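First up is the structure itself, then whatever we jot down about it.
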Amino acid sequence: MSRMSSRLVAALTLVALTAAPAFASEGEAQAPVNLLAPNGGLMFWTLLIFLVVFAVLAKFAFKPLMAAVEARELALESSLAQAKADRDAAAKLMADAQAALDASRREAQQLVADGRAAGEKLKGDLLEAGKTQQAELLERARRELNAEKERAIVELRREAVELAIKGAGKVIEKNLDDATNRQLVEGFLSTIGPR
């Protein structure tokens with residue numbers, strides 16, 4: 001930094017020394033200056049000062065300015081590339097999120113459909129089980145009713161046999177053998193059959 005400062009001071013000193021004759025000529029009284037009329041000495045010194053200032057600027061200022069511009073340009077390109085990468089990543093994340101959302105919706109709809117199907121199947125199974133149970137209860141009731149009917153018929157036959165034996169015993173006035181009488185009456189009743 002000090003080397004650059006010393007060069008800048010040297011360049012400014014050179015400019016001041018070359019400009020001294022121009023300032024000296026100002027002190028003298030002259031006629032009004034016509035800016036459109038060419039003046040060789042003024043043109044020489046103007047061109048010389050321009051070239052010196054240009055050389056100083058080229059040596060000390062243009063390189064840092066160009067480096068700063070190039071660095072800014074690289075930073076902008078880097079920022080643009082990063083922004084594009086971020087935008088692409090965001091678009092990918094958005095697409096992934098949308099795909100996950102769609103998959104979740106499909107899964108939820110599948111779960112609802114499975115739930116409905118399971119409910120319908122359970123309803124059908126319960127109805128079928130109810131019908132089966134009802135049929136079993138009816139069949140058991142029929143069997144019990146038939147068994148009860150058979151018991152009642154057997155009981156009635158037994159009582160009818162007893163009454164017939166007692167009635168026949170009184171009519172005949174003879175006490176027959178109970179086993180023979182019972183066999184006789186049961187044979188007769190079996191020929192009649194249930195009505």
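Sticking with the crude label model, points 7 Å out along Cα→Cβ, report the distance from THR180 to ASP88 in nm, one decimal please.
Spacing of the two 7 Å Cα→Cβ label points: 12.3 nm.
List residues of the stretch 92-136, by number, whose backbone nitrogen lies under 18 Å from a label position 7 Å along Cα→C-beta of ALA147.
Under cut-off, by backbone N: 135-136.
What is the gain in length, in nm to one decimal, between THR46 and VAL9 on full extension, counting 0.36 nm per residue of separation less the C-alpha to C-alpha distance?
11.3 nm
Could you run the Karplus curve 6.51 cos²θ - 1.76 cosθ + 1.60 with θ = phi - 60° over the stretch 60-69 and give me ³J(HN,Hα) per residue in whole Hz, x for Gly and Pro?
Once rounded to whole Hz, the list reads 10, 9, 5, 4, x, 5, 5, 4, 5, 5.
Taken together, the values in this text are just the output of simple stated rules run on the coordinates, not laboratory data. What you are looking at is a predicted structure, and each value in this text was computed from that prediction instead of being measured. Using ideal geometry, Cβ is built from the backbone for each residue, glycine included, and neighbour counts are taken over all protein chains shown.
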